[in-house]
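The values are calculated or read from the model by the stated rules, or taken from the named source; none is laboratory data. The model shown is predicted, which means the values in this text are computed figures rather than measured ones. Cβ atoms come from the backbone with ideal geometry, glycine included; neighbour counts cover every protein chain shown. Just so you know, the surface numbers come from the protein's heavy atoms only, side chains and all, with ligands and any DNA or RNA stripped out. Shrake-Rupley method; radii C 1.70, N 1.55, O 1.52, S 1.80 Å.
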Amino acid sequence: MENKILGIHHITAIAGDAKRNFNFYTKVLGLRFIKRTVNFDDPQTYHFYFGDEQGNPGSILTFFPWGSAVRQGRRGAGMATEIGYSVPEGSFDFWIKRFEENNVIYNKPAERFGEKYLTFLDPDGLKLEFIIPKTPDNRKPYETAEVKADAATKGFYNTTLTLNNIQATAKVLTEIFGYKLVAQEGNRYRYATDAIDTANVIDLVELPTEQHGLGANGTVHHIAFRVKDDATQMAFRQKIVDMGLQITPQIDRNYFHSLYFREPGGVLFEIATDNPGFTVDEPLEELGKNLKLPAQYEAHRKEIEAHLARLD
Ligand code: ZN
């Protein structure tokens, strides 16, 4: 497994109001707030990370909350349009009740590839799905006072990319990332890697006439794929260069190292390392409690803090 893509590392999306985003993911969905930091490319904006207790790759959903003035985005082609979480069998009744109580927009449960799923929207219109996988998911969920293990998410199950034509994207998944086509239902093509058994599914939905999405509030910014270490990451960088695609140099994101490239279908992909992880700048029990800044912004902490919305 060492030299392979190990499924999804994290998913990053755009939100509006920071506090509303924070409340939805930590309180309504019961995820752990694993890091409160800023967008390293725009330190006046938060970067929030939500995940399981340790912030394990495959559980990490991150947001740039751009504030309530940000324009509304639109899902469309060339974009990751749905984020799928794995949840336990029998948990939908709990979630539907919780959605009702918190005015969450949802659809009635449906089934695809023999698996039940429940679609809902976050307060910014980001589309999420709770899926009950056919095969047991043994990851340990993070529990809160209100969301216990019998309902809590275990991390990602899949992500859906909407494309005008799936071919070039499928080629990146299969020829570079080691995914295989495992199922098809209508225009939905399911790819999975056997390098790992969780967060290892990508669905490609082909809609030839779908308008391109607008990347703003309520949409996914990028999908990060997971690799074990820097050496593996750089080996993948070479494969992507060899395919004729543009890719960034390695960028230090404090909690992982990143490469970014736009796959030919238009979706921004990242390759992120397991190292060094979220405990690099605060202990496990304190994850998310304090605003953490990368070294280059420490000198400006006061001004940065003054700009950021309070979460309490
Ligand atoms: Zn990322």
For segment 275-295, how many residues meet the condition of being touching a residue at least 60 places away in the same chain (Cβ under 8 Å), more than 14 Å from Asn56 (Cα to Cα) and not in a loop (DSSP other than H, G, I, E, B)?
-> 1
Restricting attention to segment 157-169, report how many residues are open to solvent by 10 Å² or more (accessible area, probe 1.4 Å) and hydrophobic (A, V, I, L, M, F, W, C).
-> 2
Matching residues in segment 244-273 (in contact with a helix residue (DSSP H, G or I) (Cβ under 6 Å, 6 or more places away or on another chain), in a loop (DSSP other than H, G, I, E, B) and within 13 Å of the ligand (Cβ to nearest atom)) number 1
What do you reckon, is Val182 in contact (Cβ under 8 Å) with a residue 40 or more places away in the chain and of a type in the set (A, V, I, L, M, F, W, C)?
-> no
Do you know which of the residues in segment 79-124 that are of a type in the set (Val, Ile, Thr) and within 30 Å of Gly266 (Cα to Cα) is most open to solvent (accessible area, probe 1.4 Å)?
-> Ile105
For Thr162, are the conditions met, namely being within 16 Å of the ligand (Cβ to nearest atom) and in contact with a Lys or Arg (Cβ under 9 Å, 6 or more places away or on another chain)?
-> no
Report, by residue number, each residue of segment 246-259 that is without any contact (Cβ under 8 Å) to a residue 60 or more places away in the chain and over 24 Å from Tyr157 (Cβ atoms).
-> Gln246, Ile247, Thr248, Pro249, Gln250, Ile251, Asp252, His257, Leu259
Filter result for Ala183 (within 30 Å of Gln54 (Cα to Cα), surrounded by fewer than 17 Cβ atoms within 10 Å (Cβ to Cβ), modelled with pLDDT of 95 or more and more than 20 Å from the chain's Cα centre (by Cα)) = no
For strands (runs of 3 or more DSSP E) lying entirely in segment 1-90, having 3 or more residues that are away from the ligand (no atom under 13 Å from the Cβ) picks out 32-39, 42-51, 79-86
What number of residues in segment 114-136 are touching an Asp or Glu at 6+ places or on another chain (Cβ under 6 Å) and at positive phi?
-> 0
Answer yes or no: is there a residue in segment 221-231 that is part of a helix (DSSP H, G or I) and in contact (Cβ under 8 Å) with a residue 24 or more places away in the chain.
-> yes
Can you work out which of the residues in segment 125-156 that are of a type in the set (D, E, K, R) and under 19 Å from His10 (Cα atoms) is surrounded by the most Cβ atoms within 10 Å (Cβ to Cβ)?
-> Lys154
Do the conditions hold for Ala235, that is, is it in contact (Cβ under 8 Å) with a residue 40 or more places away in the chain, in a helix (DSSP H, G or I) and open to solvent by 30 Å² or more (accessible area, probe 1.4 Å)?
-> yes
Looking at segment 189-229, which of its residues are open to solvent by 20 Å² or more (accessible area, probe 1.4 Å), over 15 Å from Gly78 (Cβ atoms) and within 16 Å of the ligand (Cβ to nearest atom)?
-> Arg226
Residue within segment 34-48 that is under 22 Å from Val227 (Cα atoms) and either out of contact with any strand residue (DSSP E or B) (no Cβ under 6 Å at 6 or more places or on another chain) or without any contact (Cβ under 8 Å) to a residue 12 or more places away in the chain (or both) present | yes
